[in-house]
1. Each residue of segment B:88-103 in turn: what ³J(HN,Hα) in whole Hz from Karplus with 6.51, -1.76, 1.60 and θ = phi - 60°, glycine and Pro shown as x?
2. Among A:229-240, A:256-267, what's the highest-first ranking by average C-beta atoms within 10 angstrom per residue?
3. Could you pull out every residue, at least 5 positions away or on a different chain, whose amide H is within less than 5 Å of the one on B:Ile136? Hs are placed 1.01 Å off N in the peptide plane, and Pro or chain starts have none.
4. Cα centroid distance between segment B:105-169 and segment A:160-236, in Å?
5. Using the alpha-carbon atoms, what tilt in degrees (0 to 90, nearest 10) does helix B:47-57 show relative to the longest principal axis of chain B?
6. Under 8 Å for C-alpha pairs, at least 6 residues apart: give me the relative contact order for chain B, rounded to a whole percent.
7. Taking each residue in A:205-216, count the Cβ atoms of any other chain within 10 Å of its Cβ, then average. What number comes out?
8. What net charge is computed for the residues neighbouring A:Gln262, neighbours being all others with C-beta under 11 Å from the C-beta of A:Gln262, Lys and Arg scored +1, Asp and Glu -1?
Number of protein chains: 2
Amino acid sequence: MNSFQFHNPTRIVFGEGETRQVGELTATYGRNVLLVYGGGSIKATGLYDQTIQLLKEAGITVHELPGIEPNPRLATVQKGIDICRKEGVDFILAVGGGSVIDASKAIAAGVPHEGDVWDFFVGKARIEKALPLGTILTLAATGSEMNGGMVISHWEEKLKRGSGSPLLYPKFSILDPTVTYSVPRNHTVYGSVDIMSHVFEQYFSLTENTPLQERFCESILQTVIENVEPALVNPSDAAARANLMWCGTMALNGGQISLGMQNDWATHGIEHEVSAIYDIPHGAGLAVIFPNWMKYVYKERVDRFAQYAERVWGIVRDGRSDDELALAGIEATRAFFTRIGAESRLSEFGIGADQLDRMAEEAVRYHGLGAFKQLEKQDVRNILEMSL
Amino acid sequence: MNSFQFHNPTRIVFGEGETRQVGELTATYGRNVLLVYGGGSIKATGLYDQTIQLLKEAGITVHELPGIEPNPRLATVQKGIDICRKEGVDFILAVGGGSVIDASKAIAAGVPHEGDVWDFFVGKARIEKALPLGTILTLAATGSEMNGGMVISHWEEKLKRGSGSPLLYPKFSILDPTVTYSVPRNHTVYGSVDIMSHVFEQYFSLTENTPLQERFCESILQTVIENVEPALVNPSDAAARANLMWCGTMALNGGQISLGMQNDWATHGIEHEVSAIYDIPHGAGLAVIFPNWMKYVYKERVDRFAQYAERVWGIVRDGRSDDELALAGIEATRAFFTRIGAESRLSEFGIGADQLDRMAEEAVRYHGLGAFKQLEKQDVRNILEMSL
C-alpha cells in the first residue's frame with residue numbers, strides 16, 4: 001500500500017424524495033444561483049418544476065443554463081461563466097448526470113479565473129478558486145457527484161480532457177434513486193459500464209498489499225453486475241436503482257475504494273479520444289474498449305486478472321492456470337456488456353480506421369498513459385484496432 | 001436500503017513516516033495546543049519527542065494532558081477542560097488510540113459548554129460547539145480517528161456512556177502504520193476484535209436490500225482475519241499493520257460502510273456496562289460477549305448469519321441448512337478469537353455473577369438496546385450469564 005491523503009467533504013443526501021431538500025441545502029451556500037441542466041428530461045419528469053419551486057420558496061434567485069451536451073462542450077461552459085459573471089452568481093446547482101455536473105464544475109472554476117477556462121485542461125493553469133456547487137444526480141454513472149474531477153470537450157479542436165481540484169467537490173449531492181426510474185435503457189447500460197470501468201481503472205494495479213481495497217472494488221463490481229438487469233427489466237425497481245446509484249458514487253468518490261493504490265486510467269484516456277471526435281456516449285466507448293485493453297495488458301499481472309475472474313465472476317478454477325482464468329474473466333466481462341446491450345465494436349457507431357493515428361497520438365500527448373502498463377502511441381493504436 | 005445523510009470531513013494522512021506532518025497540519029488550525037496522550041508508550045517509542053519538536057518548530061505553544069486511562073475517565077476529561085480554559089487552548093492534538101482520542105473529543109466539547117460535560121453523555125445537553133482537534137493514531141481499533149463519536153467512563157458512578165457530534169470529527173488524522181509496530185500483543189488482539197465488532201454491529205441488520213454495504217462489511221472482516229496473525233507473529237509486518245490500520249478506520253468512519261442500514265450496537269452497550277465496573281479492555285469484553293450475542297439473536301435473520309459463515313469464513317454449505325451454517329459461522333468466530341489469544345469467559349477476568357443485575361439494568365436504562373433484536377433487561381442478563 002502506498003502513502004495517501006484523503007479528504008472528501010461532500011455531503012450526501014440519499015433516498016427517495018430527498019430532492020425536496022434542495023431549497024434548504026442550496027440556501028446554505030448561495031442566494032443567486034445558476035441552475036445547470038441538460039436536455040428536456042428533467043422537464044418531462046417534473047424535477048425541473050419541483051426544483052425551481054423549492055429554490056424560489058427558499059428565497060433564491062435562479063438563472064438558468066440548459067442544454068449541456070452528453071459530452072459537455074467548452075463553448076457551453078463559457079456561456080455559463082458569462083452568465084455567472086454578469087449576474088453575480090454565488091452558487092451553481094447542477095441537476096443532471098455526470099455531464100451536467102462536470103460542466104458545472106468547469107463553470108465554477110472558470111468564473112474567478114482571469115484566463116481561458118481551457119487552461120485548466122491543458123496544464124496551463126491551476127485551479128486556485130472556485131464557486132461552490134451542489135448537485136441533484138439523475139444518472140448513476142460518473143461519480144462526479146462526490147469528487148473533484150471533470151471532463152470537458154473542446155468540440156472545435158476535437159479534444160476531450162480532464163481536470164480537477166479539491167475545490168470542486170460538491171458541497172452537497174442529493175441522490176434520489178426514484179429520479180433515475182426514467183433513465184432510458186441505453187443510458188442505464190452505459191452508466192453501469194462507466195461505474196464498472198471506474199473500478200477497473202483502480203483495481204488493475206501493480207501496487208502490492210491492498211487486500212481491503214481490492215475487496216471494496218470487487219464489492220462494487222459484483223453489486224453492479226447483480227443489479228443492472230433487474231433495472232433493465234423493471235426501470236422502477238427501487239432496490240436495483242438505489243444499489244446502482246450508491247455503487248456509482250462509491251466507485252469514484254475521490255478514489256476512496258483504492259486509496260494507496262496506483263490507478264491506471266489508460267482506457268478512459270483512449271475513450272476520450274474516440275468520443276472527442278465521434279461524440280459517442282462515454283460508457284458505450286468504454287464497453288467496446290475495456291475488454292480489449294484487458295486482453296492487451298493482462299499478462300502484466302495475471303494473478304490480479306485470475307482473482308478478478310474468480311471473485312467477481314465466480315469462475316471456478318477447476319485446474320485452470322492463472323492465464324486461462326484471466327482470459328475467462330475477460331470473456332465474461334465482454335459477454336456481460338453484450339448481454340446487457342452495450343456495443344462491442346466501434347464500427348457499430350460508424351467508426352472506421354481513418355482517425356486511428358490521430359486518436360492514438362492525442363491519447364499520449366500530455367503525459368504517460370496508464371500505470372498498470374504504460375502505453376505508447378502504438379499500443380493505443382493496437383487497442384483501437386482490436387476495437388474496430 | 002434506508003435514506004441517509006453522510007458527511008465526513010476528516011482529512012486522512014496515511015503512510016510510513018507521515019507523523020512528520022504533524023507540525024504543519026496542526027498549525028493550520030491552532031497556535032496554542034493541548035497535547036493529550038496516555039501512558040508512557042509514546043515516550044518509549046520516540047513519538048512524543050518527535051511530536052513536541054515538530055509542534056515547537058511550527059511555532060506552536062504546547063500544553064500537556066498525559067495519563068488518559070484505557071477506559072478514559074470523566075475526571076481526567078475535566079482536567080483537560082480546565083487546562084484549556086485556563087490557557088486559552090485553541091486546538092487539541094490527541095496522540096494515542098481510541099481512549100486518548102475519545103477523551104480529547106470530550107474535552108473539545110466540554111470547553112465551550114457551561115454545564116457539566118457529563119451532560120452530553122446522559123442526554124441532558126447537546127453539543128453545540130467544540131474546539132477543533134486532530135489526531136496521531138497509535139492503535140488500530142476504534143475508528144475514533146475518523147468519526148464524531150466518543151465513549152467516556154464515570155468511574156465513581158461505574159457508568160460508561162457514549163456521545164458524539166458532527167462537530168467532533170477530527171480535522172485531520174495521521175495514520176502511520178509503523179507507529180503501531182510497538183503495540184503489545186494483547187492490544188493488537190483486542191484492537192482487531194474491536195474492529196470486527198464494529199462491523200458486526202452494522203452487518204447484522206434487518207434492513208433489506210443492502211448488497212454493497214454487506215460486501216463492504218465482509219471485505220473488512222476478511223481482511224482483518226487475514227492480517228491479525230501475521231501482525232502477531234511479526235509485530236513489524238508492514239503490510240499487516242497497514243491493513244489493520246486502514247480496516248480500523250474504514251470500519252467506523254461515520255458509518256460509511258453501512259449507510260442506509262439500521263445498526264445494532266447492543267453488544268457494545270452490554271460491554272460498556274462490564275468495563276464500567278471491572279475496567280477490562282473494551283476489545284477483551286467484546287471478544288467474550290459477541291459470540292454469545294450472536295448465538296442469542298441469530299434466528300432473527302438466519303440468512304444473514306448463513307451468508308456470514310459462507311462469505312467471511314469460507315464455510316461451504318455442503319448440504320447444511322441456514323441454521324447449521326449460521327452456527328458454524330458463530331463457532332468460527334469464537335474459535336478465531338480464542339486462537340489469536342482473546343479470552344472467552346468473563347470469569348478469566350475474575351468477574352462473577354454478583355453484578356449481573358446491575359449491568360443488565362444499566363444497559364437498558366436510557367433507550368432500547370439493539371435493533372437486530374431489541375433486548376430487554378432479561379435478555380442482557382441471559383447473554384451475560386452465557387459469558388461468565
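Any read-out appearing in this document is the output of simple, stated calculations on the displayed coordinates, not a laboratory observation. Everything quoted here is computed from the prediction, not taken from an experiment. As a convention, Cβ positions derive from the backbone with ideal geometry for all residues, glycine included, and neighbour counts pool all protein chains shown.
1. Rounded to whole hertz, the list is x, 4, 10, 7, 10, 10, 8, 10, x, x, x, 5, 5, 5, 4, 4.
2. Result, highest mean Cβ count within 10 Å first: A:256-267, A:229-240.
3. B:Ala94, B:Val95, B:Gly96, B:Ile174
4. 36 Å
5. For B:47-57 against chain B, the angle is about 40 degrees.
6. Once divided by the residue count of chain B, the mean separation gives 16 percent.
7. Per residue, the average neighbour count from other chains is 5.
8. Counting the neighbours of A:Gln262, the net charge comes to -3.
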